[in-house]
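Presented below is the structure to which this report refers.
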Amino acid sequence: MIKYFFLKNYLLCLINFKCMKKIFYLLVVFISVLVSCSKDDSDSTSDSFTNLVVNTKTPIFNSSTNSYSAGGNLSVALQNNNFEYEFGVCYSESPNPNVTNSNTISGYLNNTNFDCTINDIQLGVTYYIKAYVRKTETNEIKYGNEVVFVQPLNLTTNIVKNISLTGFSVTVNVGSDLSNNSERGVCYSTSPNPTISNSRLYDSTTGSGDYTISVDGTLGVSPFYYVSVNTTYYLRSYIYLNGIYYYGNQVTFKSCGYVGGSGGYVFYDKGEITNGWRYLEASTTKLNDPNSTNFKWSNTSTFMSGISQEIGAGLDNSTLIRNSNNFTNIAATMCVFNSNNNVNDWFLPSSKELKELYKLKIAGLVFNPASGPNSFYNKNVLSSSQRDATTSYGINFDNGNEVILGKTEQLYSGWQVRRF
C-alpha cells in the first residue's frame, strides 16, 4: 500500500515536470517569434523611410479664402501612430527652400497624401516650394521636388486719359479672384513706382470688375490742381486685400501746359489717338478781327442742327457755322479762315473745350483778351456751342464762369484752337 502511494506520486511529478518543460518551451518560442516580428516591423518601417520618395504638389489658389492648398504625396505609406513623422511644406521667394531657412506649414497624413493650407503668400510674387517628411526621433528629412509657382495679380492699370492742366481719368480692371478687397484706387507721383504714401485717389466702391477714377479742377479763379502743369507722372492702381496693399502695372502721363507743334499750348490730351487726333492746342493770344475788336456767333437767330458742346466737337461746329455764316465778323468763320504760325487747321472751340482752354489763363500761360471799344464785353470769349436759337455759350475770362451770350451781338472775343 505504501509502495503504491509513492509510485503514484512519482508518476504525477514526472508528468508535471514534462508539462512544465513543454509549457516553458512554448513560451520561449512565442517570445522569440514576437521579438522577431517586432524587429521585422521596425526594419520594414526603417526601410520604408530610407527608400521613401516625396512628391511636391503644385499649390492651388482658393479665391474665396485667399489661401493656397499645398502638400505632397508619398511613394509608400508610413505608420505614424505615435507621431514619429512630421509632414509639411517649406517655401521661400528664393530657390531651394528648406525647413531651416524658409517658411514651413505642417499637414496631416491620409494614407500616402498630406495637405497644408498656406495663408501668407502674396499675389504676383514668385515662390519656390518643397514638400518634406521629417523623422522626429532622428531629425532626418526627406524633401520632395522643388515647384516654382506664382499666382498672377489680376490688377490692370489702363492708359491715362482726359489729361488737362488740372486732372485726368484712368480705368482699372480688378480680377474676380481679388473681389474680396476692402479698398481700391490709384496712386501717383513724379517718381516711378508710386505707393499709397504718395498722392492717392480712392474709388467709392470695392470688389472686382472695372472702376474709373476721374478728377478735374473746378473752374473759377482758383481751381484745384490734382497735378502740376507740364509735369510727367507715374501712376499705379492698387487694392487692399487681407491686410496687404497690392499694386497694378505702372503707366505714365504728362500733364498739359507745354508748347505744341504750332507754337501754342497743349491744353487737353485724350491719352490716345482716336478719330485722327489726340491733342488740343490753343493759340497764345486771342484772335483779332481785322475790321473790329469783337465777333458775333452768327448773323441770324437760328438754331443750327449738329452743334455739340463736347470735347472734340469744335472743328465740326466751326465748319457748320462757317458754311452758314461766311463773314469776317463771325468768330468761328475767322478762326477757320485765319492762318496762325503758318498753320491753317484752327477752329473755334466747343464750350467744354473752351473750359479746358481757360485753365491756361489760370496757369498764367495766356491772358485776358485785350481791352477795346467794348472792353466790358471783350472779356467774354465765344465757344462754337449754342444754347438755343438766340443764345450761345461762352466763358468770362475774368473769373472762368460760363456765360450765355446773344448770337447776333458783335461784342465778344474768339480764340483759335487746333487738334492733332
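Tell me, please, whether a residue that is part of a strand (DSSP E or B), buried (at least 16 other Cβ atoms within 10 Å of the Cβ) and either touching a Ser or Thr at 6+ places or on another chain (Cβ under 6 Å) or of a type in the set (Val, Ile, Thr) (or both) can be found in the stretch 193-205.
No: zero hits.
Residue check: is VAL227 out of contact with any Leu (no Cβ under 7 Å at 6 or more places or on another chain), among the hydrophobic types (A, V, I, L, M, F, W, C), under 17 Å from ASN162 (Cβ atoms) and at pLDDT 95 or above?
Against the criterion (out of contact with any Leu (no Cβ under 7 Å at 6 or more places or on another chain), among the hydrophobic types (A, V, I, L, M, F, W, C), under 17 Å from ASN162 (Cβ atoms) and at pLDDT 95 or above), VAL227 qualifies.
Just to be sure I understand the filter: pairs with C-beta atoms under 8 Å, separated by 6 or more residues or on different chains, first member in the stretch 222-248 and closer than 16 Å to LYS361 by Cα, second member in a strand (DSSP E or B) and open to solvent by 70 Å² or more (accessible area, probe 1.4 Å). Which pairs pass?
Final answer for the pair search is ASN230/LYS254.
Quick check on my filter: what residues within the stretch 74-99 are at pLDDT 95 or above, among the β-branched types (Val, Ile, Thr) and open to solvent by 20 Å² or more (accessible area, probe 1.4 Å)?
VAL99
For the stretch 371-381, check the following and say yes or no: at least one residue is closer than 25 Å to LYS270 by Cβ and under 41 Å from the mean Cα position of the chain (by Cα).
So far as the stretch 371-381 goes, no, none of its residues is closer than 25 Å to LYS270 by Cβ and under 41 Å from the mean Cα position of the chain (by Cα).
Against the definition (hydroxyl-bearing (Ser, Thr, Tyr), farther than 20 Å from THR212 by Cβ and within 42 Å of the chain's Cα centre (by Cα)), how does TYR234 come out, yes or no?
no
Whether any residue in the stretch 123-146 is modelled with pLDDT under 95, assigned to a strand (DSSP E or B) and within 32 Å of the chain's Cα centre (by Cα) is what I want to check.
No.
Checking PHE114 against (1) buried (at least 20 other Cβ atoms within 10 Å of the Cβ); (2) over 30 Å from ILE273 (Cβ atoms); (3) among the aromatic types (Phe, Trp, Tyr); (4) within 30 Å of the chain's Cα centre (by Cα), which test does it fail?
(4)
Criterion first (over 30 Å from GLN410 (Cβ atoms) and surrounded by 17 or more Cβ atoms within 10 Å (Cβ to Cβ)) does GLY261 satisfy it?
The answer is no for GLY261.
Scan the stretch 100-111 residue by residue and report those that are assigned to a loop (DSSP other than H, G, I, E, B) and open to solvent by 70 Å² or more (accessible area, probe 1.4 Å).
Within the stretch 100-111, THR100, ASN101, ASN111 meet the criteria.
Checking the condition touching a residue at least 12 places away in the same chain (Cβ under 8 Å), basic (Lys, Arg) and more than 28 Å from GLU272 (Cα to Cα), which residue from LYS161, LYS130 passes?
It is LYS130.
The values are calculated or read from the model by the stated rules, or taken from the named source; none is laboratory data. Everything numeric in this text was worked out from a predicted model, so none of it was measured. No Cβ is skipped: glycine too gets one built from the backbone with ideal geometry, and neighbour counts run over all protein chains shown. The area values use the complete protein model at the heavy-atom level, side chains included, leaving out ligands, DNA and RNA. Shrake-Rupley method; radii C 1.70, N 1.55, O 1.52, S 1.80 Å.
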